[in-house]
Amino acid sequence: MRLFIGLPVPTNIQCALRQAWRSDTHAHILDKLTESSSWHMTLAFLDNVPENRVARVEACIEISMKHPPAGDFIIDGFKTFPEKYPTCIVAHVIPESLKRWRLFVDTIRDLISVTAPYIDRKLWKPHISIVRRKKDPKLYQWSKKIKPPLLWKPTRIALIQSTLSTDGPTYQNLHVFPLNI
């Protein structure tokens with residue numbers, strides 16, 4: 001099973017992001033927004049995990065939830081991502097305490113690495129992918145501020161299954177945990 005751990009984006013933030021995107025003049029050069037009900041902020045990509053190990057992954061997430069970082073997220077705009085060869089447009093997210101959130105993400109990765117040895121260890125860069133590039137046009141670096149910025153207080157963390165298809169990935173929450181901050 002292709003799995004990752006993420007923070008589901010609440011409905012009020014989904015609506016605000018859709019509204020901010022609609023007001024953008026560049027919105028028509030790309031494919032439509034990805035399905036907002038599947039928007040999330042990935043904390044850790046686990047890659048393929050055998051089904052018989054999912055319960056262990058869930059137990060590790062529960063252990064890490066004992067000391068989640070406090071603070072809100074500020075969503076201040078849209079930008080192309082990643083920086084060098086952009087493939088999508090994301091909502092740029094700034095945690096109130098980036099250092100504490102990165103430590104939290106690293107702790108989750110450490111706990112799960114025995115169960116999911118192919119876990120992605122790249123530096124965590126908080127963002128919400130909202131638009132994928134069309135196959136043909138090149139995507140150049142671009143950004144737009146959201147005014148006023150959006151404030152998001154995370155309340156849930158989820159173990160999510162990603163299933164790839166020709167139409168793009170689909171996501172299914174396997175287990176959602178309350179984030180008691």
Legend entry - Which listed residue, of Arg22, Arg18, is modelled with pLDDT of 85 or more and basic (Lys, Arg): Arg18
Inset, instruction - Keeping to the stretch 78-105, report how many residues are in contact with a Pro (Cβ under 8 Å, 6 or more places away or on another chain) and either among the hydrophobic types (A, V, I, L, M, F, W, C) or at pLDDT below 95 (or both). - result: 9
Legend entry - Residue under evaluation Leu164, criteria (1) more than 21 Å from Ala16 (Cβ to Cβ); (2) aliphatic (A, V, I, L, M); (3) in contact with a Gly (Cβ under 6 Å, 6 or more places away or on another chain), criterion not met: (3)
Inset, instruction - Working carefully through the options Ala158, Ala116, find the one that is surrounded by 12 or more Cβ atoms within 10 Å (Cβ to Cβ) and in contact with an Asp or Glu (Cβ under 9 Å, 6 or more places away or on another chain). - result: Ala116
Legend entry - Any pair with Cβ under 8 angstrom, 6 or more apart, that starts in the stretch 62-77 at a residue that is of a type in the set (Gly, Ala, Ser) and ends at one that is assigned to a strand (DSSP E or B): Gly71/Pro95; Gly77/Ala91; Gly77/His92; Gly77/Ser143; Gly77/Lys144; Gly77/Lys145; Gly77/Ile146; Gly77/Pro149
Inset, instruction - Enumerate the pairs (first residue in the stretch 89-114 and among the polar types (S, T, N, Q); second residue anywhere and at pLDDT below 95) with beta-carbon separation below 7 Å, excluding pairs fewer than 6 apart on the same chain, so at least 6 apart or on different chains. - result: Ser97/Pro69; Ser97/Gly71; Thr107/Ser64; Ser113/Ile119
Inset, instruction - For the stretch 129-145, indicate whether the set of residues that are more than 15 Å from the chain's Cα centre (by Cα), aliphatic (A, V, I, L, M) and surrounded by fewer than 14 Cβ atoms within 10 Å (Cβ to Cβ) is non-empty. - result: no
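The values are calculated or read from the model by the stated rules, or taken from the named source; none is laboratory data. Predicted model, so just to flag it, every value in this text is computed and none were measured. So basically every Cβ, Gly included, is an ideal-geometry build from the backbone, and we count neighbours across all protein chains shown.
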